[in-house]
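See below for the structure under consideration.
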Amino acid sequence: MKEKVNITIHDLAKELDLSPSTISRALKDHPSIGAQTRANVQKLAKLRGYRPNIMAVNLRNQQSKTIGVLISWINRPFFSNLISGIEEAAREKGYNVIISQTTDDLKIEKDNAKTLYDIRICGLITSISIETLEYPHFGQFYRSNTPVIFVDRVPGDFQGQKVVIDNYQAGYDATTHLIEQGCTRLAHLGGSLKQGLYKERLRGFRQALEDHNLVLNPNYILNGKSLSREESLVLATKLFEDGQGPDGIFGANDMAGVCAILVAKKYGKTVPDDVAVIGFNDDPICEIVDPPLSSMYHPAREMGRICVKRILDSLNKNNQSDDLSILTTELVPRKSTLRIVEIES
């Protein structure tokens, strides 16, 4: 006969002829239970493969020490760094983290949000899907007083705590850097304008051109969705179909920047002399591509740590945090743009 798969406290109590409450306290090393009894209970629990029912514990306590993370792509460097910051900060405070991926699919985002809600996480950190334009699936958390922190991709018209960077200023700084290297025909490869961060990076790009009295070529502003490799290659190719192409390209992520370099080379262009290229995020790929890609550093790990602090502040009723945290970015110049200024050794 097969052994019972899910061993419960009641099974252990029956086998040892003890009450379930005694078993429970013994498993928690409660001093009210004798040392020998605790040892017997814990030995049997290990032998039988007993595991506590975390969901049941959460139901009894009305809260867990688990923070839910709902993001688009776990395998992208920005999100990997964000998760690292979240896990570091959570672990320091004795909290666990459960991570759920949406692959930029709104239905999956809704389903996964419901699952995280059902297991009674103590707080949610989320970077919304590209397609998310309405937010009723987050309302369940607010109704149960479960804090929600939106990070990076945040809803523009939905109230809540948000942790972002100054995307406008970052876009402005990236474009200004290209202009300072002598670029005059500038192009922008952007993501979906359904999301505020891509709108703001484009706004910064436009403003930098205006402030430097440069003409904006509408054919050099191309927007995709999430700027995957395949999508970025298609967009970058369109920039050079007129025979001349831009002499400076600002990609709204590093994949767009890398693809711009690859396509420029395919068209016989030298980077950075014929066309300078800058990306966004400062992913590891920036140092692998030839020439190394200039980028705007995106403080993902720090953002993750701030999100956890916001969760814990909310749980502790510490309302000192503002509703909006805006972090700054930093230009990381490399050989893909440096026509005039040499890299310091």
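The values are calculated or read from the model by the stated rules, or taken from the named source; none is laboratory data. Owing to the predicted nature of the structure, the values given are computational and were not obtained by experimental measurement. When we count neighbours, we look across all protein chains shown, and the Cβ atoms used for this are built from the backbone with ideal geometry, even at glycine.
Looking only at residues in the range 295-320 that are outside any helix (DSSP H, G or I) and at pLDDT below 95, the one that is surrounded by the most Cβ atoms within 10 Å (Cβ to Cβ) is 318.
Looking at the range 105-118, can you tell me whether even one residue there is among the hydrophobic types (A, V, I, L, M, F, W, C) and either in contact with a Phe, Trp or Tyr (Cβ under 9 Å, 6 or more places away or on another chain) or not assigned by TED's automatic domain parsing to the domain that holds residue 149 (or both)? The answer is yes, given that some residue of the range 105-118 is among the hydrophobic types (A, V, I, L, M, F, W, C) and either in contact with a Phe, Trp or Tyr (Cβ under 9 Å, 6 or more places away or on another chain) or not assigned by TED's automatic domain parsing to the domain that holds residue 149 (or both). Residues in the range 132-159 that are aromatic (Phe, Trp, Tyr) and out of contact with any helix residue (DSSP H, G or I) (no Cβ under 7 Å at 6 or more places or on another chain) were compared, and the one that is surrounded by the fewest Cβ atoms within 10 Å (Cβ to Cβ) is 142.
Against the test of being assigned to a loop (DSSP other than H, G, I, E, B) and surrounded by fewer than 16 Cβ atoms within 10 Å (Cβ to Cβ), the options 234, 215 yield a single qualifying residue, 215.
Screening 76, 51 for residues that are among the basic types (Lys, Arg) and within 18 Å of the chain's Cα centre (by Cα) leaves exactly one candidate, 76. Among the residues of the range 278-318, those that are charged (D, E, K, R) and either over 14 Å from residue 252 (Cβ atoms) or in the same structural domain as residue 66 (by TED's automatic domain parsing) (or both) comprise 287, 290, 301, 302, 305, 309, 310, 313, 317. Only residues that are at pLDDT below 95 and of a type in the set (D, E, K, R) were counted across the range 233-249, and they come to 2. The residues of the range 75-92 that are out of contact with any Asp or Glu (no Cβ under 8 Å at 6 or more places or on another chain) and either modelled with pLDDT of 95 or more or on the phi > 0 side of the Ramachandran plot (or both), listed by number, are 79, 80, 81, 83, 84, 86, 87, 88, 89, 90, 91, 92. Out of all the residues in the range 157-179, is one or more over 18 Å from residue 332 (Cβ atoms), assigned to a loop (DSSP other than H, G, I, E, B), among the charged types (D, E, K, R) and in the same structural domain as residue 127 (by TED's automatic domain parsing)? Among the residues of the range 157-179, at least one is over 18 Å from residue 332 (Cβ atoms), assigned to a loop (DSSP other than H, G, I, E, B), among the charged types (D, E, K, R) and in the same structural domain as residue 127 (by TED's automatic domain parsing), which makes the answer yes. Is it the case that some residue within the range 250-261 is in the same structural domain as residue 184 (by TED's automatic domain parsing), farther than 30 Å from residue 125 by Cβ and surrounded by fewer than 17 Cβ atoms within 10 Å (Cβ to Cβ)? No - not one qualifying residue is present in the range 250-261.
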